[in-house]
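Here's the structure we're looking at; comments come further down.
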Amino acid sequence: MFRKLFFTLGQIYQSWLAALESVVINKLRTGLSLGGVTIGIFAIITVFTLVDSMALHIRQGIESLGSNTLYVSKWPWEGGGEWWKYSNRPQVSLDEYRETQALLPQAEVAFMTSFNRTARHGSLYVDNATVLCVSHNYDRIQTTEIDQGRYFTPFESAHGSRVAILGPEIAEQLFDGSDPVGKTIRIGDIKLHVIGLLAKAGNSVAFNSLDRSILIPLSLTGNFINLRWAPTDMIITGPDGTDMENLKAEVSSIMRRLRRLSPQTEDNFALNEVSIMNNIFDEMYRKINLAGGIIGLFSILVGGFGVANIMFVTVRERIVQIGIQKALGARPYFILCQFLFEAMILSVIGGAIGLAMVYIGTLLVNHFSNFTLVLTFSNILLGLTIASIVGAVAGLFPAWSAARMDPVQAISHT
């Protein structure tokens, strides 16, 4: 039994060597058969790499929002077709923020609003800079790493001191690379003293970082806008291990009581959390992956037909050789494996070239842009697996036809 097994394995190994030798010898034919598979694998893995990299950036942005954080606002993150209903909702007010803060002593409760203005320093200016008006404890909930200078003091936050913390892109454009801390900027007619510079975070695909933002104390907001009409958010973060369903129920109860909503009345506020964003983007990933897979499938089919055509030509060229091998005692599975392995080798080489092109593309994108592409091991394995399957399927019928040849007819073929 073992002797027969070893003999069979030896025959398969010899088939592998014969297939490899044929690929090496017939360089032109090998090169012609690689193109379709190379393009197909390049197309599929490029799409999957882009989607995976986008997902990584988006998830990093989502994580920065806080996994145990609620955002109380006018608009739900899911959106939907009832925008007219949401537009009639009131904004979250400062009084509601203060009441909620008092009623949830175990949680961090912050408040923020934003608007766009032109920021100036001397002759330099930045149009449409995002000005974030934030409560004092905003830095305890959101990532606000200070690179230079400091954050607001409690006195500055409480008394509306004319101070500001700049994002790195704002600072670069207004101060041309020099240290902005201790200098002044203007937003409208208001002069602000720069007390801090945020560390560079980079932009997520889905979320704008604070790089192009200016932070000012919430108590300074009245100098710029009317909070009654401005978009506002109340941000609530529970301690580690917080049950988000209990926190949502508690916040919902507080907001309904503050707004005097009857039990039959629908909520006129939205409680948004990170899981909502994850669900939205998970659905988006599935759709993009499906679309990319369908596009790549057509490319792979073209590549598979190319390999099959080449293998039929190969079988026709080696009919006499096949006849001699069978006359000398070669088993059908030896002939079958020889051509099948050759088709798989061709496809895997084509797939490897496609993966190399994707890798070079990621290096170029990472070098010349701020967006980071990552070619994962799972995508490399997926590309090689697809290439192997394409080779096996494309080479199966030509290999089967070669294995079934009659040795006498094959030898006498001219």
Residues of the stretch 257-272 that turn out to be closer than 26 Å to V134 by Cβ and in a loop (DSSP other than H, G, I, E, B), as a count: 4
Sole residue being assigned to a loop (DSSP other than H, G, I, E, B) and among the aromatic types (F, W, Y), chosen from W77, W84: W77
Verdict on Q106 being at pLDDT 85 or above and either under 29 Å from Y359 (Cα atoms) or surrounded by fewer than 17 Cβ atoms within 10 Å (Cβ to Cβ) (or both): yes
Complete set of residues in the stretch 363-383 that are in contact (Cβ under 8 Å) with a residue 24 or more places away in the chain and surrounded by fewer than 18 Cβ atoms within 10 Å (Cβ to Cβ): N370, F371, T372, V374, T376, I380, L382
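Can you confirm whether L355 is assigned to a helix (DSSP H, G or I) and among the hydrophobic types (A, V, I, L, M, F, W, C)?
Criteria met by L355.
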Residue match in the stretch 120-130 (condition: in the same structural domain as T232 (by TED's automatic domain parsing) and in a loop (DSSP other than H, G, I, E, B)): yes
Strands (runs of 3 or more DSSP E) fully within the stretch 165-256 counting 1 or more residues that are over 17 Å from F115 (Cα atoms) and in the same structural domain as C133 (by TED's automatic domain parsing): 184-187, 190-198, 232-237
Yes/no for F281 being at pLDDT below 85, within 30 Å of E342 (Cα to Cα) and either in a helix (DSSP H, G or I) or β-branched (V, I, T) (or both): no
Which numbered condition F397 fails, given (1) under 22 Å from H57 (Cα atoms); (2) surrounded by fewer than 16 Cβ atoms within 10 Å (Cβ to Cβ): (1)
Test: G354 is modelled with pLDDT of 85 or more and buried (at least 19 other Cβ atoms within 10 Å of the Cβ): yes
Residue among L192, L220, L227 that alone is more than 30 Å from A55 (Cα to Cα), at pLDDT below 85 and either of a type outside the set (F, W, Y) or surrounded by fewer than 16 Cβ atoms within 10 Å (Cβ to Cβ) (or both): L227
Pair list, Cβ < 8 Å and 6+ apart or interchain, from the stretch 213-239 residues that are over 16 Å from D95 (Cα atoms) to residues that are among the aliphatic types (A, V, I, L, M) and in a loop (DSSP other than H, G, I, E, B): T237/A107; G238/A107; P239/A107
Residue within the stretch 111-130 that is in contact (Cβ under 8 Å) with a residue 40 or more places away in the chain and surrounded by fewer than 12 Cβ atoms within 10 Å (Cβ to Cβ) present: no
So L94, is it touching a residue at least 24 places away in the same chain (Cβ under 8 Å), over 25 Å from R212 (Cβ atoms), assigned by TED's automatic domain parsing to the domain that holds L215 and over 30 Å from the mean Cα position of the chain (by Cα): yes
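Could you check the stretch 110-125 and list, in sequence order, the residues that are touching a helix residue (DSSP H, G or I) at 6+ places or on another chain (Cβ under 7 Å) and within 18 Å of R162 (Cβ to Cβ)? Even if it seems obvious, please write down each step before you answer.
The initial filter retains those residues of the stretch 110-125 that are touching a helix residue (DSSP H, G or I) at 6+ places or on another chain (Cβ under 7 Å), namely 110-113, 119, 121, 124.
Selection gives T113, A119, H121.
The values are calculated or read from the model by the stated rules, or taken from the named source; none is laboratory data. Since the model is a prediction, treat every value here as computed from it, not as a measurement. So basically every Cβ, Gly included, is an ideal-geometry build from the backbone, and we count neighbours across all protein chains shown.
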